[in-house]
Structure formats: structure tokens, C-alpha cells
Amino acid sequence: MPNRVYVHIGLPKTATTTLQVDYFPHVNNDEYQYLGVLQPRAQKVQDPLFTEIISAARSGTGLEKVNRILKERLQTDQRSLIISEEMLTVSSAEATWQEQLANLKKILSGIDHKVLVTVREPVSAMFSFYVELHDRFQKKGLPFPELALQDNDFSIYHYDRLLAVLAESFGLACVHLQSFENLVKADFSATSDFLDNPTMEAAFSSLNNHNQKKKTKSAVMVPKRLKLRWVTRLYHLLGGEQNKFALAFKQIANKPLQKLRSVTYKSVPVPVLSDSEEQKLKRQMAGTMEVMAERFGVRY
């Protein structure tokens, strides 16, 4: 098997953390190197090449440079690379998710690659995504059902639109799907097929629950944490990495600030959908899944 790049692009809220913690790091290191997200993000240092790849995909700059570095890594290490980052399918201030995937296509130009998409029943996935980024979506001033049907951030779960973008960027022949519903049952078979059936390290044996939120019968409780954005603004005002005193302060204060940012000072209830609202939304979404069912046999 030639050395290739295996890219898991999300979707968010489809057990991506499970793959990043319980599967990818346990793939045999003699044949593969995992470059993807190391969890927890705030405490782990990511591989510099991974950081460059994601930065280029999100900004659209330095694409040819990263493509060259990626080819050199494959040639030097003589191992396949595994990249996992669900934020590639989350629009940012710099680029929409469609633009990020188009940039990723350029990064992978001339490189043997495969793409993995983790999918989930779309209404439950969209609501979980809405809860996860509640502050962001609340500012848009629209109720969840309208956002789910109309907002581009949620169009990643309209699988006909997603697959159309993937077909244009990569061709569907190299796209593979892994369902959330199987992952939560510790069934990694589709991911194993995607990776061409790797051997696993002896430590690979268990599945843990990740990113669980407290729930009541009527709502999901969203924790509100200290953002401390003023610290970042002050750091840049002082010159950032160009100021050795600011840089030294950052290195000393980083861990205490991370602990402060993890403190929950209150929880906000986000009402769950009623049965009738959920069923109506599922009916409205039904037509978006035909391509996925026909091409990949995944049906919701």
C-alpha cells in the first residue's frame, strides 16, 4: 500500500472526539502517524505540521508551501498520515466550510488521499451542534428550526449539499462514511475499512463517553465559562511574540488561565425540541439524504 494521507473532516457532534481519543492514536505507529487533534485541545501541543495544514485550510494562504511540506513528510517518514479535525467543516470568520474544503483540496494536490466523514441522524446532530455553539447561534436571532433549514453553518448536515461539495473537491470515490450510531456502540469497522484495515496497538480496548452535557426532561444545560478575551487582547497590544516579556508571561500564565477558562460560573437551559417539532423537521430534511442512501447505503 502506498503512503497516503487519510483525512477525517468531521462532522462536528458525530463522535469525532471518540475517534481522536479512542481510535486514531492507537493505530500501529510503524505504518501510520496520527497528526490530528490531540485531546483535550487546551492541554495538548499539536504537531506543527497539523497546525500548518489547518491554518492554511482556514486562511487560504500558504497552500502550496503546506502541500510541499506534506509531500516531504510522506517521503521522509515512509508512513501514511492520519489527520482529524472536525473544524474543517465548521465555517469561521476567515472562510466558509465550503471554502475550507476547497483549500484542503489544494493542500492534497498530487497526494494519494482518502476522506472520512462521520455522519449522524441530521436533526439530532444539528440540535447538538446548536447547543455546542449556542452563543454563536443565539446572536443570529433565529429559532433553531429556521437555522437548521436555512443557515449555511447547518448545511453540512444537509447531506446532499455536503456530498456535492465533497464530490467537487475530492471525488466521491475517495470519500468514506462512518456513522455516529455505530461509533457509540464501539463499532469502528467503517473507520477501519477507511484506513485499509490497520493493526491496532495493544492499548486499544475501550470506549469512553466524551462531551456529555447535563440534561433535564425539557432542556439541555449549556455551561457558561470565563472567556478572558481581554488577556489575549492585552497580549497582542503588548506586542505578542515580538515582546519577550509578554511571551514569558504567556508561558507562565498559560496553565492557570486554562484552568480559569474551564470554570463554569452558570448553566443556561436550551429547550429541547417537542416531538411534533422534531418530526416536522425530520420530514423537511428527508429529501436531503437520498444521495447518501443511494451511494453509501447509510439511511436515516
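Observations, loosely collected:
- Estimated from the Cβ-Cβ distance and a Förster radius of 35 angstrom, the FRET efficiency linking residue 193 and residue 286 is about 0.80.
- Sequence-distant contacts, meaning Cα pairs under 8 Å at least 6 residues apart, place the relative contact order of the chain at 22 percent.
- The chain - Kirkwood radius from inverse mean 1/r over Cα pairs (Å): 20.8
- For residue 171, net neighbour charge (Lys/Arg +1, Asp/Glu -1) across residues whose Cβ lies under 13 Å away: +1
- Taking the C-alpha atoms of the stretch 157-203, convex hull volume expressed per residue in Å³: 95
- Centre separation in Å (Cα based) which lies between the stretch 247-300 and the stretch 151-175: 19
- Hz values of 3J(HN,Hα) by residue in the stretch 110-123 - Karplus curve (6.51, -1.76, 1.60), Gly and Pro given as x: x, 10, 5, 8, 9, 10, 10, 10, 8, 10, 8, 3, x, 5
- Placing dummy labels 7 Å off each Cα toward the beta-carbon, the span from residue 219 to residue 279 is 2.6 nm.
- Cross-link partners for residue 255 among the aspartates and glutamates, with Cα-Cα distance under 20 Å and sequence neighbours closer than 8 places in the same chain left out: 47, 241.
- Evaluating 6.51 cos²θ - 1.76 cosθ + 1.60 at θ = phi - 60° for every residue in the stretch 219-230, the Karplus couplings come out as 7, 9, 8, 9, x, 9, 10, 5, 8, 6, 5, 4 Hz, glycine and proline recorded as x.
- Secondary structure note: in the chain, about 35% of the DSSP beta bridges are antiparallel.
- Virtual paramagnetic centre 7 Å along Cα→Cβ of residue 76, amide N under 11 Å, in the stretch 22-53: 49
- Normalising the average separation of contacting C-alpha pairs (under 8 angstrom, six or more residues apart) by the number of residues puts the relative contact order of the stretch 219-270 at 71 percent.
- Sparse packing (at most 15 other Cβ atoms within 10 Å of the Cβ) combined with a DSSP loop state is found for the following trypsin sites (Lys or Arg not before Pro) in the stretch 136-189: 139, 140, 185.
- Computed from the Cβ-Cβ distance with R0 of 51 Å, the FRET efficiency linking residue 93 to residue 202 stands at 0.75.
- Taking amide H atoms as placed 1.01 Å from N in the peptide plane, the amide H of residue 113 lies under 5 Å from those of 5, each 5 or more residues away in sequence or on another chain.
- Debye log10 I(q)/I(0) for the stretch 83-212, one point scatterer per Cα, at q = 0.11, 0.15, 0.22 Å⁻¹: -0.46, -0.85, -1.46
- Estimated translational D of the stretch 219-270 in µm²/s (Stokes, Kirkwood radius over Cα pairs; 10 °C; 1.306 mPa s): 127
- Ordering 289, 126, 200 from the fewest to the most neighbouring beta carbons within 10 Å gives 200, 289, 126.
- Listed by chain and number, the aspartates and glutamates whose C-alpha is less than 14 Å from the C-alpha of residue 266, apart from same-chain residues fewer than 8 away, are 135.
- Mean Cα-pair separation over length for the stretch 120-205, i.e. relative contact order, pairs under 8 Å, 6 or more apart, %: 22
- Gaussian network model of the chain, Cα within-10 Å springs - most flexible of 68, 120, 283: 283
Values in this text are rule-based calculations from the coordinates and carry no lab data. Everything numeric here is computed off the predicted structure, so don't read it as measured data. Because the Cβ atoms are built from the backbone with ideal geometry, glycine has one as well, and the counts that use them run over all protein chains shown.
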